[in-house]
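Notes for the one structure printed next.
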Amino acid sequence: MSWIDLIGFGEQGRGGILLWATCMTLAVTAASLAVGAVLGAVIAAAKLSASRPARWLGDAYTTIFRGAPELLVIYLVYFGGSQAVTAVGKLLNYEGFLGLPSFLAGAVAVGLISGAYQAEVYRGAYQAVARGEIDAARSIGMGTLLRFRRILAPQILRFSLPGLGNVWQLSLKDSTLISVTGLAELMRTSQIAAGSTKQYFLFFVVGGALYLVLTTLSDRIFNFAERRVARSFRNSLGRR
Amino acid sequence: MGFDVAFLWSTFVKLGSAVPMTLGLFAASVSLGALFALGITYCRVSGGLLLSAFGRAYIFVFRGSPLLIQMFLIYYGLGQFPAVRHSLFWPVLRDPFSCAVLALAFCTAGYQAEIMRGGLQAVPAREIEAGRAAGMSGLLLFRRIIAPIAIRQALPAYSTEIILMVKSTALASLVTVWEVTGTAQRLISQTYRTMEVFLVATLIYLLINFIIVRLMSLVEYRLSPHLRERPVTASNGGRQGEVHG
């Protein structure tokens with residue numbers, strides 16, 4: 001069988017399953033970005049807060065999850081999570097091992113890492129908001145929540161877009177490590193296809209090419225989004 | 001969850017014995033990667049159309065695809081071909097350690113080349129012109145004018161990159177090299193004490209990173225005497241700091 005049949009969409013071809021796996025990679029990366037957005041916002045708030053213990057916790061979080069190898073974090077969530085689930089199962093009189101679903105484990109693990117990076121992105125974006133605007137909002141009587149919603153959030157989101165693009169690219173690459181939990185994303189699927197056909201070189205090249213497509217496309221999309229967002233800044237920056 | 005100091009200590013000792021492997025992977029791949037990166041930077045900066053296209057393509061491929069798939073491609077993919085198995089390179093490509101080093105080096109070379117190019121671009125044209133006017137050319141110009149400025153400019157980004165490389169060595173455990181993360185995984189599946197092993201392993205990585213950061217900032221300090229205040233001597237009365245604000 002020629003290599004073009006192997007990666008094609010015929011009966012013996014792996015094309016369909018590889019495309020499906022590409023979607024799975026996108027889905028798990030998107031889920032991890034969402035997990036990381038929530039964590040990142042909380043940690044950024046902690047790092048910016050006036051309370052010393054909160055700042056300390058925030059710093060500890062970002063130091064640990066940016067300093068530990070990604071693979072180690074995935075082991076922590078996967079094995080640790082499965083142990084916790086098994087312990088809960090024991091309480092409910094279920095004997096035996098319960099595994100954490102690999103999609104959940106992967107999204108949470110990469111999300112924990114992405115949260116640490118996103119926290120730094122949001123913190124930087126918050127600091128980029130002009131102090132004068134916050135003072136102005138305060139002086140016309142806006143409360144904390146209203147100020148956050150009307151003044152801070154819109155600008156923080158805009159300022160953090162380039163940083164979020166970097167985090168997305170990092171997470172996309174980190175998502176390959178979720179393959180160790182058995183989730184059938186692109187890395188794992190390329191591995192299985194390579195092993196069952198003994199065409200290791202072919203399938204790793206194809207898998208790598210699909211990752212290249214993903215990173216290139218996301219780069220384009222983020223650049224486009226940044227240009228769109230920059231339109232609202234043009235006036236303020238141009239006519240200072 | 002109480003703290004079992006004896007267990008933490010024995011974990012620390014076991015993981016500590018894998019540190020030389022992690023450091024070996026790190027040192028070999030960063031230096032080999034720097035060598036590759038020099039070549040690629042040369043291609044991009046001073047090469048013709050073909051060389052520069054090669055440099056661009058290399059950087060695109062190795063920065064755009066995940067390290068794990070590059071590593072598997074080298075370790076499992078190349079061994080598939082009989083021609084490779086019977087070639088001169090087989091002793092290197094058969095060995096998981098050297099495959100991991102190669103993959104790490106190829107990958108970091110893409111990133112390092114971009115950092116080096118950034119450093120070179122930051123060298124002001126005036127300085128090069130001044131060097132030329134003083135009669136320097138070729139290697140002498142590079143050694144005395146371009147390299148010192150470029151290295152200084154590139155150093156912060158370079159530190160970030162090599163810190164990321166420390167973390168990347170963890171992937172070598174997936175091609176059966178027993179460095180710190182691989183050993184930690186084995187300990188976790190033997191003892192089921194995930195949290196403790198994770199914390200000890202993370203502590204080890206943080207220590208390694210801390211030492212590297214300190215070393216790099218030492219290098220940065222040594223390379224930028226011109227940014228510091230002049231040492232106070234009797235003749236200038238120590239007013240240098242006030243002048244520069």
Q | Index of the failed condition, A:G81 passing every other in (1) at pLDDT 90 or above; (2) within 26 Å of A:T63 (Cα to Cα) | A | (1)
Q.
With the requirement that a residue be among the polar types (S, T, N, Q) and more than 7 Å from chain B (Cβ to nearest Cβ), what does segment A:67-88 give you?
A. A:S82, A:T86
(Q) Checking the structure you have, find out if any residue of segment B:181-200 is in contact (Cβ under 8 Å) with a residue 60 or more places away in the chain, more than 12 Å from chain A (Cβ to nearest Cβ) and in a helix (DSSP H, G or I). (A) no
Q) farther than 22 Å from A:S32 by Cα, more than 13 Å from the chain's Cα centre (by Cα), within 14 Å of chain B (Cβ to nearest Cβ) and buried (at least 17 other Cβ atoms within 10 Å of the Cβ), is that true of A:Q191? A) yes
(Q) Name the residue that is surrounded by the most Cβ atoms within 10 Å (Cβ to Cβ), counting only residues in segment B:190-245 that are at pLDDT below 80 and among the small types (G, A, S). (A) B:G238
Q. Can you tell which of A:A41, A:A60 is touching a residue at least 24 places away in the same chain (Cβ under 8 Å), closer than 23 Å to A:R123 by Cβ and surrounded by fewer than 18 Cβ atoms within 10 Å (Cβ to Cβ)?
A. A:A41
Q: Hey, can you tell me all the residues within segment B:79-94 that are farther than 28 Å from B:M116 by Cβ, away from chain A (no Cβ under 12 Å) and in contact with a helix residue (DSSP H, G or I) (Cβ under 9 Å, 6 or more places away or on another chain)?
A: B:R85, B:S87, B:W90, B:P91, B:R94
Q | In segment A:194-223, the residues that are at the interface with chain B (Cβ under 8 Å from one of its Cβ atoms), assigned to a helix (DSSP H, G or I) and over 19 Å from B:V61 (Cα atoms) | A | A:A194
Q | Hits in segment A:138-151 - residues which are more than 26 Å from A:P162 (Cα to Cα) and assigned to a helix (DSSP H, G or I) | A | A:R138, A:S139, A:T144
Q | Conditions (1) more than 12 Å from chain A (Cβ to nearest Cβ); (2) surrounded by fewer than 21 Cβ atoms within 10 Å (Cβ to Cβ); (3) more than 18 Å from B:A113 (Cα to Cα): number failed by B:S52 | A | (3)
Q.
Is it the case, given these coordinates, that B:L78 is at pLDDT 95 or above, surrounded by 21 or more Cβ atoms within 10 Å (Cβ to Cβ), part of a helix (DSSP H, G or I) and not β-branched (V, I, T)?
A. no
Q. Between a first residue in segment B:152-177 that is within 8 Å of chain A (Cβ to nearest Cβ) and touching a residue at least 12 places away in the same chain (Cβ under 8 Å) and a second residue that is in a helix (DSSP H, G or I) and of a type in the set (G, A, S), which pairs have beta carbons less than 6 Å apart while being 6 or more apart in sequence or on different chains?
A. B:S173/B:G182
Q | Top-ranked residue in segment B:55-78 [being in contact (Cβ under 8 Å) with a residue 40 or more places away in the chain and aliphatic (A, V, I, L, M); ranked as farthest from the other protein chains (Cβ to nearest Cβ)] | A | B:I59
Q: Filter segment A:86-114 for residues that are crowded, with 17+ Cβ neighbours inside 10 Å, modelled with pLDDT under 90 and not in a loop (DSSP other than H, G, I, E, B) and give the result.
A: A:T86
Q) Looking at B:A27, B:A109, B:A103, B:A37, which one is more than 14 Å from chain A (Cβ to nearest Cβ), surrounded by 18 or more Cβ atoms within 10 Å (Cβ to Cβ), closer than 23 Å to B:T181 by Cβ and not β-branched (V, I, T)? A) B:A109
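The values are calculated or read from the model by the stated rules, or taken from the named source; none is laboratory data. As the structure is a prediction and not an experimental result, all values here were calculated from the model. Cβ atoms come from the backbone with ideal geometry, glycine included; neighbour counts cover every protein chain shown.
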